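Worksheet for the structure shown next.
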Amino acid sequence: MGTENPGRQQFPARPAATPFEAPPPQNMMPFSSSGPVVGSESSGFRRTPPAVHQPMMPSSMHVEGSQVSGFRSPPTARFNDPSVPSPPTSNVPATVGPFQRFPTPPFRSTAHVPLSHAPPMGQPLAQPPAPPVSFRTQPQIPLVPMGSPPQSLNSAPPNMNVPYTSPDSTVPAPRPNFQSPYSGHIRMQSNTDSQAPPIRSPFPAHQGGYAPAPLPSTSPFLAHPGGYVPPPPVSAPMGLQSRDQMQHLGSGPPIGSIQGLMEDFSSLSIGSVPGSIDPGIDSKALPRPLEGDVEPKLFAEMYPMNCDPRYLRLTTSAIPNSQSLAARWHLPLGAIVCPLAEAPDGEEVPVVNFASTGIIRCRRCRTYVNPFVTFTDSGRKWRCSLCTLLNDVPGEYFSHLDATGRRLDLDQRPELTKGSVEFVAPTEYMMRPPMPPVYFFLIDVSISAVRSGMIEVVAQTIRSCLDELPGFPRTQIGFATFDSAIHFYNMKSSLTQPQMMVVSDLDDIFVPLPDDLLVNLSESRSVVETFLDSLPSMFQDNMNVESAFGPALKAAFMVMSQLGGKLLIFQNTLPSLGVGRLKLRGDDLRVYGTDKEHMLRLPEDPFYKQMAAELTKNQISVNAYAFSEKYTDIASLGALAKYTGGQVYYYPSFQSATHGEKLRHELSRDLTRETAWEAVMRIRCGKGVRFTSYHGNFMLRSTDLMALPAVDCDKAYAAQLSLEDTLLTTQTVYFQVALLYTASCGERRIRVHTAAAPVVADLGEMYRQADSGAIVSLLSRLAIEKTLSHKLEDARNSLQLRIIKALKEYRNLYAVQHRLGGRMIYPESLKFLPLYGLAICRSKPLRGGYADAPLDERCSAGYTMMSLPVKKLLKLLYPRLVRLDEYILKASTQADIKDLEKTLPLAAENLDARGLYLYDDGFRFILWFGRALSPDVAMNLLGADFAAELSKVNLYEHDNEMSRKLMRILKKFRDSDHSYYQLCHLIRQGEQPRESYLFLSYLLEDQIGGANGYVDWILQIHRQVQQNA
């Protein structure tokens, strides 16, 4: 193992660019290929006999040969990426004299395709093939703990075959394999088992259709599709051609006996007959995400000590090495962060308390110590993974290193082995003592709120959750109600029942008894329970139709401003009195389709954004619950939640008998889920890159510091990345998310998530490493934000254009070498991107025009989608559709329940009139009864109401096995995600207009109204991709 100077950063050397470059070897023939390619052997070289084979990983391939030129190849570059494990010693070939011997590979590659049977010139005709093997070993990446000293070039992944560099300087050293991890071989399609050697060409391949001058030397090694070895910042030398480069030789299409290269992309055949109305595309062949969101596994295998993708997902795990490459990506480059995502049992984030040592951080960039830092100088110094600065190790944190540079106490240091960790923060991280959990309820008690039954459901739910509120015994609680006046409640523990105080002067708001309006729940429990029991009856005869919401909001702010906390607003009427009063908007149809249309989706009164800024400054987060059958201006109300890190819950036409269960579950979840209080979050990244824009529900306190008065497991945030430098010189970029917050127990903590990603020079590699879930999440946020400044049509067109540009750029990578014809091609990683793009365009925030979604529903959906984690968002965009009647009618087994996971494509052609279907988008259930469904099934499920109009029927469990099975299924689906409660809507086939409005318009693949169906959308995109491609 080589060592390197730990005091300076070292990067791959560039090939020498002089007028005296070595010419290409003369013994090679363009586009010729056969078995393992062997150049003319000089006297010092002998082939290693098969008997001395060393064990190697499968799919690796050597190209043996000698370099007869007298010029040296570029010096071996050093590689100091501490995230890549060291190689096993069995992969280092032996040396003979001053020359190197390279073992014949015992495994033939399964990643190459035979292109010709003619051997290259200068090679014996009878070339013995590599011995076949009948088994396949699985590549394993050992968990080498970080903390070892930086490795030299020889520190390659265990499934890379990198030779030991000859000590004799007169022998040209082979250029190390610095190609991107998956770009040095041709990947197979799933149904292919062909094997073949690589191509040797005297012409260095280059993407884009032109070839630079030949490079000086031919490396004896092809890139291996194993762990990551970053590429050089310039074009690869001959023999190190990437897959994409081999497919785009500047000399034009292949000639002679070459039959064509393996296609490393997915494709869709599209070909219509002229004059025919047949679209020429098989709808069954279209890709669909029937398995839901699939997190990228390759990234985790490459860097096993990265944090879990549930916390941090990059839109592509291959970071472009230049601004010009990033510009050709066309899709968002960034990350989705969900810092408090729920972890499965047994995978909780470890908590570390440094106590007297203090938290270990880089003194320059303030990065927290993590698995990717390295220790040097016998353990007395550590190198920051982000900025590479050498820092002193505090005496209390010192540990000796073993022979490999590994700290002896590594097993006791989760912060050096885990990508996610939580530090207990000392007092210097506190501007004030940690706040207790505070819940303040501001409840509308006007006549519409009373009649809907909302007050009763809210009061009962809060009472049932008192024992489960986090932070006992420190939790504080308070209440205020409002109609045309504001009612405060004194709940001092010495009272037997609460005292109501009414403030009717809305122009000069003051708070009576400011010290007794927020009380300790454990001390005033009996008074709080008495209040909640009496609240529904207290206003049952109230006939007041006004709403002084603005003054009430200011009063609640005055009560909470000392401590901060969570403000829960229950609003049923459009604010009509005092500051912040709003007027009816959206009824003027002439505004739609004009440049003023987007104003309807913005807060009408600046009061709301100003209040949100004040609330955030005082660590108050707002969750807004809106109930109304009339317009309530969610655009204005939701601004309070957007800028304070909260969320919007909307229940149109709320009636407690129908919607009560949904409100009960979602309010309970809001009150009892673990919450991080008075939080701030920052995302740091390595040299040359930075986050430039942020998207979600928060307020930026500085250019990169997000203020989050309250944050929980159901909130995700997006950020876009840009390159500061024209060219990145590092091989790996590191990202670190740090969330400083107060836990409900009163401890100040810092949750840290760290991840590494390779830097690549290959656009094809960026596409192969793309994460469609993260891309769709960022695209949806950008599209929704665009609706706040442009027409809906402009937002949809912008999204479609971005997808077209990306697919066109990808097509250009392969257009020279492959006969693409009428096929639409796309990377396997992005096969669902067109469908999700259509789903975003047909989602509530962007769909159609004014008649396609009520303004309040459109705004509410926009606020919700801006904060959803990836999995929940993708389920909302492409919901689950399953057939239930077959399961309900047959005997129940465990396997039958698994059959329900088989999701059907969202098209009406998949609906059988004799069936019963369930549509689940994570927010609601739709139970669709086919017209010819057996009356027995309907009677068992609905009871005596089976023949009634289903809009007036509530679903509940009946005393029969079919009904019990159905309720078990619904419970199983609800238990898979507790963040929202799916209320069940019943629809019978042909029941118009309800069926079209609630269900058929959400069958994404069907064309309805002016909206494209899936086939039309694909054809439209394909036509535009082909133009000037």
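The values are calculated or read from the model by the stated rules, or taken from the named source; none is laboratory data. Only a predicted model underlies this, so the values are computations on that prediction, with no experimental measurement involved. Ideal geometry is used to build each Cβ from the backbone, glycine not excepted, and the neighbour counts take in all protein chains shown. Accessible surface is based on the protein model in full, side chains and every heavy atom, while ligands, DNA and RNA are left aside. Shrake-Rupley method; radii C 1.70, N 1.55, O 1.52, S 1.80 Å.
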Filter result for GLU857 (at pLDDT below 95, open to solvent by 10 Å² or more (accessible area, probe 1.4 Å), in the same structural domain as LEU904 (by the TED database) and not hydroxyl-bearing (Ser, Thr, Tyr)): no
If we scan the range 329-342, do we find a residue that is open to solvent by less than 70 Å² (accessible area, probe 1.4 Å), hydrophobic (A, V, I, L, M, F, W, C) and over 30 Å from GLY764 (Cβ atoms)? yes
Can you tell me which residues in the range 543-572 are of a type in the set (S, T, N, Q) and either surrounded by 23 or more Cβ atoms within 10 Å (Cβ to Cβ) or farther than 25 Å from GLU629 by Cβ (or both)? SER547, SER561, GLN562, GLN571, ASN572
Do we find a residue being within 27 Å of LYS609 (Cα to Cα) and either open to solvent by 20 Å² or more (accessible area, probe 1.4 Å) or over 20 Å from the mean Cα position of the chain (by Cα) (or both) anywhere in the range 722-738? no
Looking at the range 809-825, which of the residues that are open to solvent by less than 50 Å² (accessible area, probe 1.4 Å) and in a helix (DSSP H, G or I) is modelled with the lowest pLDDT? TYR814
Residues of the range 826-841 being under 18 Å from SER798 (Cα atoms) and either in contact with a Lys or Arg (Cβ under 9 Å, 6 or more places away or on another chain) or modelled with pLDDT under 85 (or both), in sequence order, are LEU835, GLY837, ILE840, CYS841
Residue under question is ASP670, and the condition is that it be surrounded by fewer than 24 Cβ atoms within 10 Å (Cβ to Cβ), at pLDDT below 95 and in contact with a Lys or Arg (Cβ under 9 Å, 6 or more places away or on another chain); does it hold? no
Go through the range 800-854 and give me each residue that's in contact with a strand residue (DSSP E or B) (Cβ under 6 Å, 6 or more places away or on another chain) and over 18 Å from VAL1015 (Cα atoms). ARG811, GLU828, SER829
Kindly establish whether VAL680 is closer than 27 Å to VAL737 by Cβ, touching a residue at least 60 places away in the same chain (Cβ under 8 Å), under 23 Å from the mean Cα position of the chain (by Cα) and surrounded by fewer than 20 Cβ atoms within 10 Å (Cβ to Cβ). yes
What helices (runs of 4 or more DSSP H) completely inside the range 864-957 contain at least 1 residues that are in contact with a Gly (Cβ under 8 Å, 6 or more places away or on another chain) and within 24 Å of TYR981 (Cβ to Cβ)? 870-877
As an exercise: evaluate GLY593 against (1) in a helix (DSSP H, G or I); (2) more than 18 Å from THR481 (Cα to Cα) and give the number of the one condition it does not meet. (1)
Taking the range 552-572, which residues are in contact with a Phe, Trp or Tyr (Cβ under 8 Å, 6 or more places away or on another chain) and not hydrophobic (A, V, I, L, M, F, W, C)? GLY564, GLY565, LYS566, GLN571, ASN572
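For (1) in contact with a strand residue (DSSP E or B) (Cβ under 6 Å, 6 or more places away or on another chain); (2) not aliphatic (A, V, I, L, M), each residue gets a yes or a no:
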| site | (1), (2) |
| --- | --- |
| TYR887 | no, yes |
| LEU927 | yes, no |
| GLY930 | no, yes |
| LYS965 | no, yes |
| SER976 | no, yes |
| HIS985 | yes, yes |
Residue that is more than 24 Å from LEU708 (Cα to Cα), aliphatic (A, V, I, L, M) and either touching a helix residue (DSSP H, G or I) at 6+ places or on another chain (Cβ under 6 Å) or at pLDDT 95 or above (or both), where the choices are LEU390, LEU340, LEU333: LEU390
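Every residue, every condition in (1) more than 25 Å from the chain's Cα centre (by Cα); (2) open to solvent by 50 Å² or more (accessible area, probe 1.4 Å), yes or no:
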| site | (1), (2) |
| --- | --- |
| PHE973 | no, no |
| CYS984 | yes, no |
| PRO993 | yes, yes |
| GLU1005 | no, no |
| GLY1010 | yes, yes |
| HIS1022 | yes, no |
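Here's the yes/no breakdown for (1) out of contact with any helix residue (DSSP H, G or I) (no Cβ under 7 Å at 6 or more places or on another chain); (2) of a type outside the set (Lys, Arg); (3) more than 26 Å from PHE654 (Cβ to Cβ):
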site: MET500; (1), (2), (3): yes, yes, no
site: ASP508; (1), (2), (3): yes, yes, yes
site: LEU535; (1), (2), (3): no, yes, no
site: ALA552; (1), (2), (3): yes, yes, no
From the options GLU661, GLU604, residue that is farther than 25 Å from GLY922 by Cα and of a type in the set (D, E, K, R): GLU604
Scanning the range 506-536 for residues that are more than 23 Å from VAL450 (Cα to Cα) and assigned to a helix (DSSP H, G or I), which turns out least open to solvent (accessible area, probe 1.4 Å)? ASP516
Sole miss for GLU396 among (1) more than 30 Å from SER798 (Cβ to Cβ); (2) in contact with a strand residue (DSSP E or B) (Cβ under 9 Å, 6 or more places away or on another chain); (3) surrounded by fewer than 21 Cβ atoms within 10 Å (Cβ to Cβ) is condition (2)
Is one or more of the residues making up the range 835-857 hydroxyl-bearing (Ser, Thr, Tyr) and under 21 Å from ALA626 (Cα atoms)? yes
Of everything in the range 577-630 that's of a type in the set (S, T, N, Q) and modelled with pLDDT under 95, which residue is surrounded by the most Cβ atoms within 10 Å (Cβ to Cβ)? SER628
For the subset of the range 747-791 comprising residues that are within 17 Å of LEU838 (Cβ to Cβ) and among the polar types (S, T, N, Q), which member is surrounded by the fewest Cβ atoms within 10 Å (Cβ to Cβ)? THR787
